[in-house]
Each structure stands twice: as structure tokens, then as C-alpha cells.
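Student: Before anything else, here's the structure in question.
The values are calculated or read from the model by the stated rules, or taken from the named source; none is laboratory data. As the structure is a computational prediction, the values presented were derived from the model and not from experiment. Virtual Cβ from ideal backbone geometry, glycine too; neighbours counted across all protein chains shown.
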Amino acid sequence: MDSNDIDKLQTDLNGLGELAVENAIKINPGKSKAVSFTKVRAKERIRYYFGDQLIPEANSFKYLGIIICSVLNWADHVNYTLRKASKARHFIIYILKKGNSTKYLAYTALVRPIFGCGVVCWDRYRDGQVSTLNQVQKKVAKFANNINESGWETLALRILIAQICSLFKA
């Protein structure tokens, strides 16, 4: 990153701080993170300040439930989604013992929305990431239907449908 760009961003942060003081708006720089988006392995440390407080540097951050990584891949978000969906699956299995329709409703209410968060951004061609998430769906389908194949649409198909819908809306 060019030092001129760093200076411009720091000037903008200083201006934002002055505007916040003028309008009596409190901004907590401790909740902010400085992320440099690059694939360079050895990157120089960049220090940004908001007022007199240093903005901590991070490799990734969570924004609206989506984890964005500095190298712009979705591995961290997929792993987070996998852990969250697995917890929801275990909750469903623990709570519900009988009733297939109830199990399916619990899946569509608790597990499936976790897969839908940020699905448009995912790269459906990363088979390893999508297949690990599909394994969670298969386990829930087996539990809900007591069979190996559920007939439920796959995650790859839902990703494709979501991407087409978002393209149509744009």
C-alpha cells in the first residue's frame, strides 16, 4: 500500500473524528478493525488512529454475520457456518426424538437459515467447502427421515439459485 494512500485514509479518519465531536456522536474505535486486503504474505504493519486511540489490526472481521478475510477467501466463514450448523443439528437431535414433520420444520427453521447467510458470496466451485456443509444437511436429513437420501435440494443448488436471484435483482 502506498504511503500516500495511508496518509489520505488517516486524514479521512481525522475528519470523521472531528465531525463526530461537532455533532456529539460517540464512536467506539475499540470496536473497529483495520484490515488490509492483499494476498502478499509479508505485509507491512499499518497503524491507523481514531483520535488518539489506535485501531487494532486484524486478518478478518465479521460484518452482518459474514466473516470477511484479508485474503478474500471464504474458508473462515464456511468453517464458522459449519460449526454453527452442527450445533443447531445437535440441538435438534437432542430435543426432538419423534415426529418427522417436526424434525423437518426444525431443520428449515434452525439449520437451513444458517446455510443461507452469505450464500451468494460463496464460491460454489470450492467443492471441499460445499461438501462439508452438505454433510451436515445429509446428517439432519437422515435423522429427520430415517433414510440416507432425503430428496432435499443440495446446498450447491441453493447457492446457484441465490446467485441467479441476486443477479436478477441487481
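Student: Scanning the range 1-44 for residues that are acidic (Asp, Glu) and not in a helix (DSSP H, G or I), which turns out nearest to the chain's Cα centre (by Cα)? Show your work before the answer.
Tutor: First, the residues of the range 1-44 that are acidic (Asp, Glu): 2, 5, 7, 12, 18, 22, 44.
Checking the rest, the ones that are also not in a helix (DSSP H, G or I) come to 2, 44.
On the way: Asp2: 29, Glu44: 26 Å.
That would be Glu44.
Student: In the range 28-74, which residues are among the small types (Gly, Ala, Ser) and farther than 30 Å from Gln135 by Cα? Show your work before the answer.
Tutor: Start the filter on the range 28-74 by keeping residues that are among the small types (Gly, Ala, Ser), which leaves 30, 32, 34, 36, 42, 51, 58, 60, 65, 70.
Selection gives Gly30, Ser32, Ala34, Ser36, Ala42, Gly51, Ala58.
Student: Let me ask something additional. Please find, within the range 80-95, the residue that is surrounded by the most Cβ atoms within 10 Å (Cβ to Cβ) out of those that are of a type outside the set (D, E, K, R) and within 15 Å of the chain's Cα centre (by Cα).
Tutor: Looking only at the range 80-95, we keep the residues that are of a type outside the set (D, E, K, R), and these are 80-82, 85-86, 88, 90-95.
Subset that is within 15 Å of the chain's Cα centre (by Cα): 80-82, 85.
On the way: Tyr80: 19, Thr81: 25, Leu82: 17, Ala85: 23.
Going through the qualifying residues, I end up with Thr81.
Student: If I filter the range 52-69 for residues that are outside any strand (DSSP E or B), hydroxyl-bearing (Ser, Thr, Tyr), under 21 Å from the mean Cα position of the chain (by Cα) and at negative phi, do I get at least one hit? Give the steps one after another, and end with the answer.
Tutor: Restricting attention to the range 52-69, the residues satisfying the condition of being outside any strand (DSSP E or B) are 52, 56, 58-59, 64-65.
Next, from what is left, pick out any that are hydroxyl-bearing (Ser, Thr, Tyr): none.
The answer is no; no qualifying residue exists.
Student: If you check His77 against the conditions, is it at pLDDT 80 or above, within 30 Å of Gln135 (Cα to Cα), out of contact with any helix residue (DSSP H, G or I) (no Cβ under 8 Å at 6 or more places or on another chain) and surrounded by 15 or more Cβ atoms within 10 Å (Cβ to Cβ)? Spell out how you get there, then give the answer.
Tutor: Numbers: at pLDDT 80 or above: yes; within 30 Å of Gln135 (Cα to Cα): yes; out of contact with any helix residue (DSSP H, G or I) (no Cβ under 8 Å at 6 or more places or on another chain): yes; surrounded by 15 or more Cβ atoms within 10 Å (Cβ to Cβ): yes.
So His77 fits the description; yes.
Student: Looking at the range 1-32 only, could you name the residues that are modelled with pLDDT of 85 or more and basic (Lys, Arg)?
Tutor: If the condition is that a residue be modelled with pLDDT of 85 or more and basic (Lys, Arg), then Lys8, Lys26 are the ones that fit.
Residue by residue, here is whether (1) in a helix (DSSP H, G or I); (2) closer than 22 Å to Gly65 by Cα; (3) modelled with pLDDT under 75 holds:
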{"residue": "Lys87", "(1), (2), (3)": "yes, yes, no"}
{"residue": "Ala106", "(1), (2), (3)": "yes, yes, no"}
{"residue": "Phe115", "(1), (2), (3)": "yes, yes, yes"}
{"residue": "Ser131", "(1), (2), (3)": "yes, yes, no"}
{"residue": "Glu149", "(1), (2), (3)": "no, no, yes"}
{"residue": "Ala162", "(1), (2), (3)": "yes, yes, no"}
{"residue": "Ser166", "(1), (2), (3)": "yes, yes, no"}
